[in-house]
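S.K.: The structure's right below; bear with me while I get my questions together.
No value in this document is a laboratory result; all are computed from the given coordinates. All values derive from a computational prediction rather than experimental measurement. In this analysis, Cβ positions are derived from the backbone assuming ideal geometry, glycine residues included, and neighbour counts consider all displayed protein chains.
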Protein chains: 4
Amino acid sequence: MLKLGLIGAGRIGKVHCDTVMTRVQDATIVSVADYYEESAKSLAAQYGISHATSNHRDILENSDVDAVIIASSTDTHSQFIIESAQAGKDIFCEKPIDFNLARIDEAIKAVADAGVKFQVAFQRRFDATFLRVKQAIDNGEVGTPHLLHIISRDPAPPPITYIKVSGGLFFDMTIHDFDMARFLLGEVEEVYAMSANLVDPAIGEAGDIDTAIITLKFANGAMGTIDNSRKAVYGYDQRVEVFGDKGSVTNANQYPDTVTLNTGDSVRRGSLPLNFFLERYAAAYQFELEAFVDCVVNDKPVSVGGADGRAPVVIAMACYKSLKEKRPVKLSEIS
Amino acid sequence: MLKLGLIGAGRIGKVHCDTVMTRVQDATIVSVADYYEESAKSLAAQYGISHATSNHRDILENSDVDAVIIASSTDTHSQFIIESAQAGKDIFCEKPIDFNLARIDEAIKAVADAGVKFQVAFQRRFDATFLRVKQAIDNGEVGTPHLLHIISRDPAPPPITYIKVSGGLFFDMTIHDFDMARFLLGEVEEVYAMSANLVDPAIGEAGDIDTAIITLKFANGAMGTIDNSRKAVYGYDQRVEVFGDKGSVTNANQYPDTVTLNTGDSVRRGSLPLNFFLERYAAAYQFELEAFVDCVVNDKPVSVGGADGRAPVVIAMACYKSLKEKRPVKLSEIS
Amino acid sequence: MLKLGLIGAGRIGKVHCDTVMTRVQDATIVSVADYYEESAKSLAAQYGISHATSNHRDILENSDVDAVIIASSTDTHSQFIIESAQAGKDIFCEKPIDFNLARIDEAIKAVADAGVKFQVAFQRRFDATFLRVKQAIDNGEVGTPHLLHIISRDPAPPPITYIKVSGGLFFDMTIHDFDMARFLLGEVEEVYAMSANLVDPAIGEAGDIDTAIITLKFANGAMGTIDNSRKAVYGYDQRVEVFGDKGSVTNANQYPDTVTLNTGDSVRRGSLPLNFFLERYAAAYQFELEAFVDCVVNDKPVSVGGADGRAPVVIAMACYKSLKEKRPVKLSEIS
Amino acid sequence: MLKLGLIGAGRIGKVHCDTVMTRVQDATIVSVADYYEESAKSLAAQYGISHATSNHRDILENSDVDAVIIASSTDTHSQFIIESAQAGKDIFCEKPIDFNLARIDEAIKAVADAGVKFQVAFQRRFDATFLRVKQAIDNGEVGTPHLLHIISRDPAPPPITYIKVSGGLFFDMTIHDFDMARFLLGEVEEVYAMSANLVDPAIGEAGDIDTAIITLKFANGAMGTIDNSRKAVYGYDQRVEVFGDKGSVTNANQYPDTVTLNTGDSVRRGSLPLNFFLERYAAAYQFELEAFVDCVVNDKPVSVGGADGRAPVVIAMACYKSLKEKRPVKLSEIS
């Protein structure tokens, strides 16, 4: 039974806590740290975890803890990764690693120096549907990929307070799509980004965008697009399409049931799509943590490591540069 | 935390054990009994359950046990229900209650006399898709039901050794469909059954059938059919359709992913449907046990009780009579 | 250019007239006869047909006419078939041939004696979707058929005045489904019919039924069901399913567009299914007449002949007998 | 009965000829002209058209001809439009009007001066599915549009000889998508184009591209993409998605049947999508010509006029400029 310390008891920290404590068989959380001690205590109490603290050092210095889950705010990730690595703890860290490439590189170096495991939390890579899409590519079922489309729309924007500290749409939301693009088609060489503030003027006033189309050129010659919106009223919209010389692979959204109603008014689904990431990726959150636990316990290499955490940050930076300069930007321009 | 004893460590006993021990939050199994002591011990060991026995009385006499799950062979159900009731244990029992109406009535009486909870394991009633179908009827979304169709096909027949003790297709497999028919449209008044042995001659040699169509007349004036086959090569086929004066409600099968592949050969799903009941009803097995635990802990009436366990047995008997006499049979002819 | 005479300018006569005059390349209608001369004249005028009459003999005696389309009321079919055959005209006749087997046999004999072509109008056999279902069976894509389901529901009942002369649901509506059952799985040996009057009490008062479930046993050992309703509020519902030892084949209803709308209320089709037979079978009406024209012009045997017109009448009779005697009825009981 | 002259008996000329002669009720073609007289004669003979010529002036000088269909090679369109207008003939002209804006403007002026009708052949605007998409926008079913995606892929590239004179992918193929973008979301202000030669090196050697992604900025603030490939092995891929603040509307491809096959290998469609434009847009070709005939006969304004023919040419030019200069290009830069 792997003993984990959880650093960060906010929204995503709670997701990981619930996942570990109710569904991951071979691991348990033994301590929760949060800057707001009450948050740590409350979450620990809910899942019968005996230790809670406001100081993440309590976890790092606890010899009982084998590995940490870093789910604190993004600006603390690099620091906590470095400290955790130095404390010899294996690390599972939320995305993005950081908003600053130099700090990301420091963190990756610290991990390498310490020889600990380091997995970045891109849970979509563990989703059965996206794994099947990947498999279709790897198996040659669609041949050589020519075109990729990712549609990724949230059901509703986060609070403006969150928007302000999120790092912006590309770092907060599109980062998952940049990762998916790399997961499916490999390295990106150039981007061109367009954006708008169409969902809520308050998002624009907070300095962010809420709607975007990004085009991608891949090293292998393929091209692609990412479509983002902060507000799809019908629910979480998570689709990809890969088109190649032997065919294409697509996916549909997921629903809580498979019912269809036929009436004099309409032929309609029994329900709207699963509303958001908690429902849509419930199993993926479990599988990514089980994979991490398996890597730690059985000393295997992680499948989503530091380089995979760094690359989408570079793409996000190139996209912001593209927006600012209104032109396509090569990733090689980002340093 | 409700303490459960599990009686029966066979196929379905293992399903309930895994469900309770890994997904039901407010209950745990403290003892496992099986006629084959090794089966009990092995299952107990796998889930870290401290007590295992070949004698179910050990469970009934254990004052630590609040309630029992009866998952032993059908011929023992009535006896174990009676003993459990007399021991004051709340009871969750696998279907069918028994092949004999008098014994079922004895069991129901024992439960009533003891005032314990008694839930029969028709897990499909707890499946999100079938609940949505039920809701469509209850909400009036399809108006007054006129017609019902149930398609219920297994991916492959069980071993002939199992066929021989199963009670036959109608008691073993169709019993779930009889329950679904009642769940959705209420009481059945008359049946007409047709059957055949088309899947495997060995099933016929064992005295059973493997393919059937049953027509139903309901007390409310609606009519319906059930379609059964022991072997759908594409996987577990679980569909219903309810047609009423304001519309119809249908469901589709469930798949491990939502992928579609488009090639020069075909446009096809990424995978076959979920293969069998363990995958298809994984969540329903959890929800039915959570409902039982909730009823016991919070002293609520169960939603699937003794009368619901008895009624489909009567329908099965009427179907066998119909097969034998090659005519429609009223349920009132069965006593 | 084959010259046709149309006998009967009612609902289905108009359909055939429009089909021939606007879409069948190698045939034209040169004369229209209807008991109500005004109907004949009006239809002829609409399509620029030079001759219209109240007397079908005018058509039969017209040496310019190569073949006739009989679309008059069912009680006149046999007589008109016999007269047409004796006049040496090839014959395309609406279903059913007659309500009386002896008259059907007389008509078939007259056709054989005259050596003319005789095609019965079961247009569903020429529909691309049902042809693909048939092909799946013929190709072995589903293996040996075990089970068949036909769902066949009209969007709304015809006027009560029509109901009264229609011959009843089984002769008027289910006759197409009996034909489809034979088309797909071959000869029927036994039927069991259940019916109800659930759509409109006036239909019951007119002596007819509006809702039915019929079970079928086929000569090849397969079993099946037919589901009929006179009123599906969402539109014309035309589905079949054939299940065999290597798989199953199903079809979906057809829509005027392929649009899906996703909103905060629902995920729904852009439109309801095609409303009724004119829309749903527009192409099939063309193909069946083109096939007839091809058989006449190129002296080929018709694919849907007298025996195919007779057989579903026998099934309908067996179904009425089953309803009356509340028991399964073998077709061999009908003479 | 409107009398039409057809100028151009090549691929698309044959489509229009077949459409008029077999499906458009109120018009007929009385003369066919083609530079290759044999082509004109052969097509005329096939449809029983009495006059064929190698000189389009024979049509323009024929007082019997009410209107012309211009389906000759693109480099002749402007000249033939001007001559037809001067001859007082109403004009239905294939896309694109021309590769040169000045000539397009001359043609539009000639039409205006002569006061004849002038319809450009963008048949997709008359397709039931795309009309339903448009209606969803116009009705407010998706609210204010934010995002548009058009996927438009041919099943196979045309011959290299055709590629060489086609004007290139954007003028030959994407022109329809540019028109669809305008039809659905209004005027385009800026484009950014990416392209590749992935399908066949011979296309690149002929100076053309075969794969492209174009991003669009609309005057109303919305953004969009167009995805093109010359080779989708599964068939003609014609999809759009419009996403707005109240929902989204999508469409699926069309198939020759609605069949699904479920086997031990896969769950698949009975057939591949309709293979190409002749099958996919058969009805749309009819509807656009019926609309033109209606405008001429009843003196109504055409729905797709000169300005609609000019605009997508400007977009195509902007796309080529974008490709060349590797940057986003405003339409205002094209003159």
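S.K.: What is the angle, in °, between the Cα long axis of helix C:74-86 and the longest principal axis of the Cα atoms in chain C? Nearest 10 is fine, range 0 to 90.
M.R.: With both axes taken from Cα atoms, the answer is about 50 degrees.
S.K.: With N denoting the number of residues in the stretch C:160-249, provide Rg(C-alpha) divided by 2.2 N^0.38 Å, to two decimal places.
M.R.: So the Cα radius of gyration is 1.19 times the expected 2.2 N^0.38 Å.
S.K.: Quick one: in chain B, what % of C-alpha pairs are over 36 Å apart?
M.R.: 20
S.K.: Then there's this: Roughly how tilted is helix C:175-185, in degrees to the nearest 10 and between 0 and 90, from the longest Cα axis of chain C?
M.R.: Between helix and principal axis, roughly 70 degrees.
S.K.: How much mean residue ellipticity at 222 nm does chain B get from its helices, if each DSSP H run of length 4 or more adds -39500 (n - 2.57) and you divide by all residues, to the nearest 500 deg cm²/dmol?
M.R.: Value at 222 nm, helices only, nearest 500: -11500 deg cm²/dmol.
S.K.: Moving to a separate point now. Would you pull out the residues with amide H under 5 Å of B:V68's amide H, same chain only if 5 or more places away, H placed 1.01 Å from N?
M.R.: The answer is B:G5, B:D90, B:I91, B:F92.
S.K.: Please provide three numbers in whole Å: the alpha-carbon extents of the stretch D:2-116 along the principal axes, with the largest listed first.
M.R.: 38, 24, 24
S.K.: Show me, for the stretch B:113-126, the HN-Hα J-couplings you get by feeding each phi into the Karplus relation (A = 6.51, B = -1.76, C = 1.60, θ = phi - 60°), rounded to Hz, glycine and proline as x.
M.R.: Values, residue by residue: 4, 7, x, 8, 6, 9, 10, 9, 7, 9, 5, 4, 5, 9 Hz.
S.K.: Relative to the first principal axis of the alpha-carbon coordinates of chain D, what is the inclination of helix D:128-138, with its axis defined by its Cα atoms, in degrees from 0 to 90 and to the nearest 10?
M.R.: With rounding to tens, the tilt is 70 degrees.
S.K.: So what's the Cα pair-distance distribution over the protein assembly as shown, bin width 20 Å, in %?
M.R.: Bins of 20 Å from zero give 9, 31, 35, 20, 5, 0 percent of pairs.
S.K.: Within 10 Å of each residue's Cβ, count the other Cβ atoms and sort C:S42, D:S63 from fewest upward.
M.R.: Final ranking by Cβ density, sparse to dense: D:S63, C:S42.
S.K.: Would you tell me the mean number of C-beta atoms belonging to other protein chains that fall within 10 Å of each C-beta in B:188-194, as a whole number?
M.R.: The per-residue average across the peptide is 3.
S.K.: What list of ³J(HN,Hα) values in whole Hz, one per residue of the stretch C:42-52 in order, does the Karplus curve 6.51 cos²θ - 1.76 cosθ + 1.60 (θ = phi - 60°) give from phi, with Gly and Pro shown as x?
M.R.: For the stretch C:42-52, the Karplus curve yields 5, 5, 4, 4, 4, 10, x, 8, 6, 10, 9 Hz.
S.K.: Along Cα→Cβ at 7 Å, what distances in nm separate the C:E106 label point from those on the other copies, shortest first?
M.R.: Nearest to farthest, the other copies are at 6.9, 7.9, 10.5 nm.
S.K.: Moving to a separate point now. Take A:R327, A:R239, D:R125, C:R11 and order them by how many other Cβ atoms sit within 10 Å, fewest up front.
M.R.: With the fewest neighbours first, A:R327, A:R239, D:R125, C:R11 line up as C:R11, A:R327, A:R239, D:R125.
S.K.: Next question. Can you tell me the dipole magnitude for the stretch D:29-79 around its Cα centre, using point charges on the Cβ only (Lys, Arg +1; Asp, Glu -1), in Debye to the nearest 20?
M.R.: 80
S.K.: With each label point set 7 Å from Cα along the Cα-Cβ vector, what nm distance links B:S332 and C:S50?
M.R.: Once both label points are built, they end up 7.1 nm from each other.
S.K.: Could you derive backbone 3J(HN,Hα) for the stretch B:315-331 from the dihedral phi with the Karplus parameters 6.51, -1.76 and 1.60 (θ = phi - 60°), listing whole Hz in sequence and x where the residue is Gly or Pro?
M.R.: Going residue by residue, I get 5, 4, 5, 4, 5, 5, 5, 4, 4, 5, 9, 6, 7, x, 10, 7, 4 Hz, with x marking Gly and Pro.
S.K.: Something else now. Can you give me the long-range amide H partners of A:F276? Hydrogens built in the peptide plane at 1.01 Å from N, cutoff under 5 Å, separation of 5 or more residues or another chain.
M.R.: A:Y236
S.K.: Moving on. Amide H to amide H, which residues 5 or more places from A:D34 or on other chains are under 5 Å from it, using H placed in the peptide plane?
M.R.: Distant-sequence amide H within range of A:D34: A:G8, A:A40, A:T53, A:S54, A:N55.
S.K.: Around D:V20, with a cut-off of 13 angstrom between Cβ atoms, what is the net charge of the other residues, counting Lys and Arg +1 and Asp and Glu -1?
M.R.: Computed value for this residue: -2.
S.K.: Still on this structure, I have one more. Name the residue from C:V297, C:A311, C:N100 whose Cα lies farthest towards the positive end of the charge dipole of chain C, charges +1 on Cβ of Lys and Arg and -1 on Cβ of Asp and Glu.
M.R.: Result: C:A311.
S.K.: While we're on this one: Nearest 20 debye, what's the magnitude of the dipole of the protein assembly as shown about its Cα centre given +1 on Lys and Arg Cβ and -1 on Asp and Glu Cβ?
M.R.: In total the dipole reaches around 0 debye.
S.K.: Let me ask something else about it. Mind giving me the FRET efficiency for D:E106 and A:E325? R0 is 41 Å, r the Cβ-Cβ distance, nearest 0.05 is fine.
M.R.: Using R0 = 41 Å, I get an efficiency of 0.55.
S.K.: A further question on this structure: Let's see if you can work this out: charge +1 on each Lys and Arg Cβ, -1 on each Asp and Glu Cβ, no other charges. What is the dipole magnitude of the stretch B:2-116 about its Cα centre, in debye to the nearest 20?
M.R.: In total the dipole reaches around 280 debye.
S.K.: How far, in whole Å, is the nearest Cβ of chain C from the axis relating it by rotation to chain D, and which residue carries it?
M.R.: So the closest residue, with its distance, comes out as C:R23, 4.
S.K.: Then there is this: With a sphere of radius 15 Å drawn around the Cβ of B:L261, what net charge do the other residues whose Cβ falls strictly inside it have (Lys, Arg +1; Asp, Glu -1)?
M.R.: Cβ neighbours under 15 Å give a net charge of 0.
S.K.: Extending each Cα 7 Å along its Cβ direction at B:D64 and D:T28, get the distance between those two points in nm, one decimal.
M.R.: Using points 7 Å along Cα→Cβ, the separation is 9.8 nm.
S.K.: Now for a separate question. List, shortest first and in nm to one decimal, how far the label point of C:T76 (7 Å from Cα along Cα→Cβ) is from its counterparts in the other copies.
M.R.: So the label point of C:T76 gives 5.4, 7.7, 9.0 nm to the other copies.
S.K.: Another one. Within a 10 angstrom radius of the beta carbon, how do D:K330, A:K300, C:K41 rank from fewest other beta carbons to most?
M.R.: A:K300, D:K330, C:K41
S.K.: Please check which bits of the stretch C:146-186 a label hung off C:S303 would reach, taking the label as a point 7 Å along Cα-to-C-beta and the cut-off as backbone N under 18 Å.
M.R.: C:176-186
S.K.: Would you mind counting up the charge near A:L4? Only other residues with Cβ under 10 Å from its Cβ, with Lys and Arg at +1 and Asp and Glu at -1.
M.R.: Net of charged neighbours comes to 0.
S.K.: Kindly give the distances from B:S42 to its copy-mates, label point to label point, with each label point 7 Å from Cα along Cα→Cβ, as nm values to one decimal ordered shortest first.
M.R.: 4.8, 7.6, 8.0
S.K.: May I ask you to derive the relative contact order of the stretch B:2-116, considering only C-alpha pairs under 8 Å and at least 6 residues apart, and to give it as an integer percent?
M.R.: 25
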